[in-house]
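The values are calculated or read from the model by the stated rules, or taken from the named source; none is laboratory data. Fair warning: this is a prediction, and the values are worked out from it, not measured in the lab. As a convention, Cβ positions derive from the backbone with ideal geometry for all residues, glycine included, and neighbour counts pool all protein chains shown. The protein model used for the area step is the full one, side chains on, heavy atoms only, and it has no ligands, DNA or RNA in it. Shrake-Rupley method; radii C 1.70, N 1.55, O 1.52, S 1.80 Å.
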Amino acid sequence: MKNILRSCIFAVMAIALLPAGTLAQERRDKEQTYVLEHPYEVTKITPPQGKKIKNVILMIGDGMSLMHVYSAWTANRGKLFLDNCQTVGLSKTYCANKLITDSGAGGTALATGQKTIYHAVGVDPEGRPLKSLVDLAAAKGKSTGLAVTCRLWDATPADFCCHNIDRDAEAAIVADYVNCNADYVFGGGAKLFENREDGRDLFAELRAKGFQTPRSWEDLVTIKNGKVFAVPYSVDTPLPADRGDLLARASLKGIELLNQNKNGFFMMIEGSQLDDYGHFNDLDLLMQETHDFDRTIGEIYKWAAQDGETLVIVTADHETGGLTLVDGDLKEGKIVCKFSTGGHSGVMVPVYAFGPGAQEFTGIFENTAIFDKIKKLLNL
């Protein structure tokens with residue numbers, strides 16, 4: 001009896017002495033099950049046959065890996081709008097000083113064609129500002145825009161418009177939007193545009209530069225032309241189930257306005273909250289956001305197919321959560337997954353292309369090559 005009691009004491013002591021990270025890892029490795037109760041219909045979208053590229057739309061699923069895509073595909077009974085792409089490639093995401101990147105450095109590589117240090121946005125490793133695809137397209141007379149589901153001081157949208165060595169310098173990053181070359185911006189984060197510690201009203205400054213600043217979706221839809229900076233939400237946009245098809249609507253509204261330019265446009269659209277739910281290790285919300293992003297892809301593909309002169313690229317800046325699909329049922333739309341980290345992982349991420357120029361995005365390449373290819377195809 002004494003031996004049994006002694007063994008039990010030693011076992012309890014051993015557990016108590018385990019590092020906190022070990023216990024967190026055990027919780028993280030717990031299997032999560034998700035079933036998409038109401039799968040959505042996916043239609044076949046035929047790519048245009050022409051070769052002229054007037055517009056480019058870059059869609060970024062923040063933290064989205066092949067595993068996210070395949071899990072979402074399984075949950076929707078083996079169908080995604082993303083499957084309509086013509087070509088697929090793989091992008092290497094490491095940054096200048098770390099193997100495992102973040103959205104600051106990863107997005108900067110996509111936006112500017114240069115790898116930078118971890119946590120930097122829109123600058124090189126020494127902190128010098130870089131020109132982004134938004135800047136280059138604007139300099140060529142094209143219209144430019146962004147539509148995201150996150151706060152605008154978050155790294156990915158900031159990579160295209162702002163410049164800071166530290167993505168956590170949120171108030172300073174937001175102030176850079178006043179000098180951004182984007183003609184249409186939609187996202188969250190209004191609380192850092194007004195009632196600021198420095199006393200500036202960035203909405204007033206944007207209006208002084210010719211922007212319309214609608215503060216609700218209802219106000220935005222009434223606008224028919226001109227420059228728009230729409231920030232209807234204090235921080236992020238609502239959760240996927242609450243906002244409906246907001247990202248698709250906001251993206252198409254931007255395209256409606258930008259496409260009035262006879263020289264064409266460049267637009268970045270981000271499914272931002274994939275990253276958040278990967279960090280939270282929340283499979284349910286992660287799949288909701290991934291499916292919302294896929295439905296948005298469907299709407300953009302449909303528009304591009306009709307337009308005939310628009311290239312659509314879908315990729316990610318990195319992977320988040322270390323998601324693994326360990327079981328499931330395709331007929332039931334059931335997936336069983338595990339997360340291996342609450343941060344980012346170092347796997348290569350997919351690159352999908354649809355429309356004229358899609359053939360340029362096959363193979364394995366650096367994330368900076370996506371910028372290079374877009375720059376070349378648009379003659380920027």
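At-a-glance table
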quantity	calculated
Tally of residues being out of contact with any helix residue (DSSP H, G or I) (no Cβ under 6 Å at 6 or more places or on another chain), under 27 Å from Trp73 (Cα atoms) and in a helix (DSSP H, G or I) across the range 256-277	2
Residue match in the range 291-300 (condition: outside any helix (DSSP H, G or I) and buried (at least 20 other Cβ atoms within 10 Å of the Cβ))	no
Flag if Tyr177 is crowded, with 16+ Cβ neighbours inside 10 Å and either farther than 17 Å from Leu258 by Cα or of a type in the set (D, E, K, R) (or both)	yes
Near pairs, Cβ below 6 angstrom, 6+ apart or cross-chain, from the range 43-58 (in contact (Cβ under 8 Å) with a residue 60 or more places away in the chain and assigned to a loop (DSSP other than H, G, I, E, B)) to any residue that is open to solvent by 90 Å² or more (accessible area, probe 1.4 Å) and of a type outside the set (S, T, N, Q)	none
Counted residues, the range 61-115 - those being open to solvent by less than 20 Å² (accessible area, probe 1.4 Å), among the hydrophobic types (A, V, I, L, M, F, W, C) and closer than 19 Å to Thr156 by Cα	6
Residue among Ala241, Ala204, Ala169, Ala208 that is without any contact (Cβ under 8 Å) to a residue 24 or more places away in the chain, within 24 Å of Gly63 (Cα to Cα), surrounded by fewer than 20 Cβ atoms within 10 Å (Cβ to Cβ) and not charged (D, E, K, R)	Ala169
Close pairs from the range 284-306: first of a type in the set (Phe, Trp, Tyr), partner part of a helix (DSSP H, G or I), Cβ under 8 Å, at least 6 apart	Phe293/Leu247; Phe293/Leu274; Tyr301/Phe81; Tyr301/Asn84; Trp303/Leu252; Trp303/Ile255
Members of the range 122-151 found to be open to solvent by less than 30 Å² (accessible area, probe 1.4 Å) and among the hydrophobic types (A, V, I, L, M, F, W, C), listed by number	Val123, Leu130, Leu133, Val134, Ala137, Leu146, Ala147, Val148, Cys150
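The rows are residues; the columns are (1) of a type in the set (Gly, Ala, Ser); (2) on the phi > 0 side of the Ramachandran plot.
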{"residue": "Ala138", "(1), (2)": "yes, no"}
{"residue": "Pro157", "(1), (2)": "no, no"}
{"residue": "Cys162", "(1), (2)": "no, no"}
{"residue": "Val178", "(1), (2)": "no, no"}
{"residue": "Gly189", "(1), (2)": "yes, yes"}
{"residue": "Arg196", "(1), (2)": "no, no"}
{"residue": "Leu202", "(1), (2)": "no, no"}
{"residue": "Ala208", "(1), (2)": "yes, no"}
{"residue": "Phe211", "(1), (2)": "no, no"}
